[in-house]
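**Student:** Got a structure for you, questions after.
The values are calculated or read from the model by the stated rules, or taken from the named source; none is laboratory data. Worth saying up front: this structure is predicted, and the values here are computed from it rather than measured. Glycine gets a Cβ as well: all are built from the backbone with ideal geometry, and neighbour counts include every protein chain shown. Areas reflect the complete protein model, heavy atoms only, side chains present, ligands, DNA and RNA absent. Shrake-Rupley method; radii C 1.70, N 1.55, O 1.52, S 1.80 Å.
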Amino acid sequence: GSINNIFVRFYGVSAFAIDWLSMSYMLTYIPLLFPVAWLLDKRGLRLIALAGSALNALGAWVKLGSLKQHLFPVTVLGQVICSLAQVFILGMPSRIASVWFGSHEVSTACSFAVFGNQLGIAVGFLVPPVLVPNVEDVEKLAYHISIMFFMTAGVATALFILVIIVFKEKPPYPPSRAQALIQSRPPEEYSYMQSILRLLHNANFLLLMVTYGLNTGCFYALSTLLNRMVIHHYPGEEVNAGRIGLTIILSGMVGALISGIWLDRTKTYKQTTLVVYIMSLMGMIAYTFTLSLGHLWVVFLTAGMLGFFMTGYLPLGFEFAAELTYPESEGTSSGLLNVSAQIFGIAFTISQGQIMDRFGTKAGNLFLCSFLFLGTIMTAFIKADLRRQQANLDNEQT
């Protein structure tokens, strides 16, 4: 996404085809969430981590076979394999936090896991424009792309080896009373299908699912189309387009950490989620009206503000969902949130791309603003039914 225009020229395909390299992640997630969430429930964290890191490494090596201009389908195949890996990885933050961390640090732990996810996206904005300059010579371009693909494959393989050596299933003792209750439940009492049905009958969770999808879907669309937006207003600024994306992610990582620590201190899930949602809307409006002013430093500023709140919202959604749906599996609740995000992400990316082509970038960004406004109103109607907190309190009293 951050070097969209270069790949369009190298493979001789449309910008929309390159957008699908990003959207393939969203598309594969939707049908595969339920089998993977079932595996997470039945087989635990270690198998999921191994499968995710193995598929990511495999997909990265497959892409090395696509360094000729006619081999775009091979890049698509590698990308789809990597997108399968993401199905395993995305539901893990809230599950790892609950299984390994106590009630006073669980939200901070979740925000650190989301922080890691965002760090990868930040590298994806920063490194490709530096490694793959916009040169005319096709052979030279293929050489630069090969360096990027080799680096990705090397890192993905190293992570797979680390998971094999380091990653453990769970600690010897449950870290919280809420987790002890879940672990002491007989396996025959738990039905995965019943768990999903209970989640889909939880009105507060359904509201959160839609609002999370709207917010994160806007973020996916924005990050996928960022290169096109910036190049439109600032021609030849591919590297700065990547840096603006990096700014969005880095400020968001700070926002995610702060929101996690804040939740552990205050337990104000509803209030914090609503405030962050309102600020995401404000950030999007500011970004929309400053993009075309002709001053890149202003775009950096407003993009940073937008990222701080929009990405800072991700761990809030996971943790709020874990509270509203306890004692259901965190992998299932966060997975459903992510399915909502992927569906809205695909719809928003395609729609905003079409609107930008016909009516310009401002119209496309205003389209996203309208949905963030809708999400803000819906968030106000979520009741703070903090069931996990209550389980910890009840057990302290008894």
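**Student:** Quick one: what pairs do we get from segment 281-302, first residue under 14 Å from Ile231 (Cα atoms) and assigned to a loop (DSSP other than H, G, I, E, B), second open to solvent by less than 10 Å² (accessible area, probe 1.4 Å) and of a type in the set (A, V, I, L, M), C-beta under 6 Å, 6+ apart or different chains?
**Tutor:** These pairs meet every condition: Leu291/Val299.
**Student:** Residue check: is Ser14 open to solvent by 30 Å² or more (accessible area, probe 1.4 Å) and of a type in the set (S, T, N, Q)?
**Tutor:** Yes; evaluated as a whole, the condition is true for this residue.
**Student:** Return the total of residues in segment 347-398 being of a type in the set (Lys, Arg) and part of a loop (DSSP other than H, G, I, E, B).
**Tutor:** Going through segment 347-398 one residue at a time, the tally reaches 1.
**Student:** Additional query: Given the conditions (1) open to solvent by less than 30 Å² (accessible area, probe 1.4 Å); (2) modelled with pLDDT under 85, and given that Ser24 satisfies all but one, which numbered condition is not satisfied?
**Tutor:** That leaves (2) as the condition not met.
**Student:** Looking at segment 72-123, which of the residues that are under 30 Å from Asn240 (Cβ atoms) and of a type in the set (S, T, N, Q) is surrounded by the most Cβ atoms within 10 Å (Cβ to Cβ)?
**Tutor:** Taking the candidates together, the pick is Ser111.
**Student:** Still on this structure, I have one more. From the residues in segment 213-237 that are at pLDDT below 90 and among the polar types (S, T, N, Q), which one is farthest from Ser334 (Cα to Cα)?
**Tutor:** Of everything passing the filter in segment 213-237, Asn227 is farthest from Ser334 (Cα to Cα).
**Student:** Say whether the condition of being at pLDDT 85 or above, open to solvent by 60 Å² or more (accessible area, probe 1.4 Å) and farther than 20 Å from Cys110 by Cα is met by at least one residue in segment 177-195.
**Tutor:** There is no residue in segment 177-195 that is at pLDDT 85 or above, open to solvent by 60 Å² or more (accessible area, probe 1.4 Å) and farther than 20 Å from Cys110 by Cα.
**Student:** Mind telling me which of the residues Thr361, Thr302, Thr290 ends up being under 22 Å from the mean Cα position of the chain (by Cα), open to solvent by less than 50 Å² (accessible area, probe 1.4 Å) and hydroxyl-bearing (Ser, Thr, Tyr)?
**Tutor:** Thr302
**Student:** Checking Ile355 against (1) crowded, with 16+ Cβ neighbours inside 10 Å; (2) touching a residue at least 24 places away in the same chain (Cβ under 8 Å), only one condition comes out false. Which one?
**Tutor:** (2)
**Student:** Which pairs turn up if I take residues in segment 156-171 that are assigned to a loop (DSSP other than H, G, I, E, B) and look for partners that are open to solvent by 80 Å² or more (accessible area, probe 1.4 Å) with beta carbon separation below 8 Å, at least 6 apart in sequence or on another chain?
**Tutor:** Final answer for the pair search is Lys170/Trp100; Pro171/Trp100.
**Student:** Scan segment 133-149 residue by residue and report those that are among the hydrophobic types (A, V, I, L, M, F, W, C) and touching a Leu at 6+ places or on another chain (Cβ under 7 Å).
**Tutor:** Matches in segment 133-149: Val135, Ala142, Ile145, Ile147, Met148, Phe149.
**Student:** Further, regarding this structure: Any residue in segment 157-180 that is more than 23 Å from Ala49 (Cβ to Cβ) and under 25 Å from the mean Cα position of the chain (by Cα)?
**Tutor:** no
**Student:** Let me ask you something else. Could you tell me whether Leu222 is assigned to a helix (DSSP H, G or I) and closer than 30 Å to Asn134 by Cβ?
**Tutor:** yes
**Student:** In segment 30-47, is there at least one residue being open to solvent by 30 Å² or more (accessible area, probe 1.4 Å), within 19 Å of Phe149 (Cβ to Cβ) and of a type outside the set (Gly, Ala, Ser)?
**Tutor:** No, there is no match, as no residue in segment 30-47 is open to solvent by 30 Å² or more (accessible area, probe 1.4 Å), within 19 Å of Phe149 (Cβ to Cβ) and of a type outside the set (Gly, Ala, Ser).
**Student:** If you take the residues of segment 124-142 that are in a loop (DSSP other than H, G, I, E, B) and not β-branched (Val, Ile, Thr), which of them is farthest from Ile244 (Cα to Cα)?
**Tutor:** Asp137
**Student:** On the basis of being at pLDDT 90 or above, within 16 Å of Gln271 (Cα to Cα), buried (at least 20 other Cβ atoms within 10 Å of the Cβ) and of a type outside the set (A, V, I, L, M), does Phe371 make the cut?
**Tutor:** Taking the combined requirement at face value, the residue does not satisfy it.
**Student:** Looking at Ala384 and the list (1) open to solvent by less than 40 Å² (accessible area, probe 1.4 Å); (2) in contact with a Lys or Arg (Cβ under 7 Å, 6 or more places away or on another chain); (3) of a type outside the set (Lys, Arg), which single condition is not satisfied?
**Tutor:** Only one criterion in (1) open to solvent by less than 40 Å² (accessible area, probe 1.4 Å); (2) in contact with a Lys or Arg (Cβ under 7 Å, 6 or more places away or on another chain); (3) of a type outside the set (Lys, Arg) is unmet by Ala384, namely (1).
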